[in-house]
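J.: This is the structure I have questions about; it appears just below.
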Amino acid sequence: MADSLNHNNISTAWVDGELRLVGLDSRMIGLLRAIDQSGSINQAAKQMCLSYKGAWQIIERANNGAPKTLVSTATGGSKGGGTCLTEAGRSLLALFTRLEQQHRQFLDQLNRSLADDPDTVLLLQRLVVKTSARNQIFGCITAIQAGAVNAEVSVKLKGGEQVITSVTLTSLNDLGLQVGADAVLLVNSADITLTVDSDSNRFSARNRLSCSVIRVQQDEVNAEVIVLLPGGETLVAMVTPQSVQSLALMPGMPVWAMFKSNAPVLGVMSPL
């Protein structure tokens, strides 16, 4: 039985980005901040995962490029010397810190506005789903039929095709599956069988989708056949080179993609 997948961890921070100022390396700002906190270029270099020499090179470039010295270094003396930011260095760090805060507020505002648009959220949710399964198709749950142990869930794809998937009753409850909910189906390429036979009575697979071959990629051991569904989704089927030859598969050729109801992993798109 295929396990079910829940996407409760999809991040709501759809827009993200790093703040950069022209002429300022982010490592430089981080190093300035570390020096200000530690008072030691050696400790600051360790915090930034830099070599002592690399940290010095960044400081030298900063001091040479700025109109005023940003970092001051003292050697010897009663306190054993040390490194600190000059007034200009502290002003630059304060400016960048203030801009960082404004930048975060700007990103928060953008993300809040996106979260208020359900159509945009649905689009972004689907784009960020990552999985090792080669086939990832989206649809809407249209029916749920519970049995004694398992439940059959019908998912309607964009082109109108219905896919039947089996889940345990535990998964049915854990995922909170409901008719009308958006869902994602993950199907391994090895679980898909291709046929050119239009007689569905000859096969036991519950799912049989009409499609057409886009391309065939093969080596000595395996062949990947990429097919196009009516709704525009693509599926990848892993077959043997012998199957490619016996079926005479070629681009544009109509075929049927078949898989059993326990092949797909069913996931639900969690509302935000």
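The values are calculated or read from the model by the stated rules, or taken from the named source; none is laboratory data. All of these numbers come straight from a predicted model, not from anything done at the bench. Every residue, glycine as well, gets a Cβ built from its backbone with ideal geometry; the counts of neighbours run over all protein chains shown. Remember, those area values only see protein heavy atoms, side chains included, never the ligands or the DNA or RNA. Shrake-Rupley method; radii C 1.70, N 1.55, O 1.52, S 1.80 Å.
J.: Would you kindly find the accessible area of R27, with a 1.4 Å probe and non-protein molecules such as ligands, DNA and RNA excluded, rounding to the nearest 10 Å²?
T.: Only protein atoms counted, so the area is about 100 Å².
J.: Compute the separation of the alpha-carbon centres of region 152-200 and region 223-272 and state it in Å as a whole number.
T.: Between the Cα centres of region 152-200 and region 223-272 lies a distance of 13 Å.
J.: Run the 1.4 Å probe and let me know the accessible area of K260, rounded to the nearest 10 Å².
T.: 120
J.: Using r as the Cβ-Cβ distance of Q43 and D174, and R0 as 51 Å, what FRET efficiency do you calculate, to the nearest 0.05? Walk me through the numbers before you get to the answer.
T.: On the way: r = 48 Å, r/R0 = 0.95.
Once rounded, the FRET efficiency stands at 0.60.
J.: What size of dipole, in debye to the nearest 20, comes out for region 26-116 about its Cα centre when the only charges are +1 on Lys and Arg C-beta atoms and -1 on Asp and Glu C-beta atoms? Walk me through the numbers before you get to the answer.
T.: Values: 11 positive and 6 negative charges, 44 e Å.
Dipole of region 26-116, to the nearest 20 debye: 220 debye.
J.: Any chance you could look up the accessible area of S51 with a 1.4 Å probe, heavy atoms only, rounded to 10 Å²?
T.: Per-residue accessible area (S51): approximately 70 Å².
J.: Right, another one. Hey, could you grab the Kirkwood Rh for region 126-268? Inverse mean 1/r over distinct alpha carbon pairs, Å, one decimal.
T.: Working: mean 1/r = 0.0635 Å⁻¹.
With all distinct Cα pairs of region 126-268 included, I get 15.8 Å.
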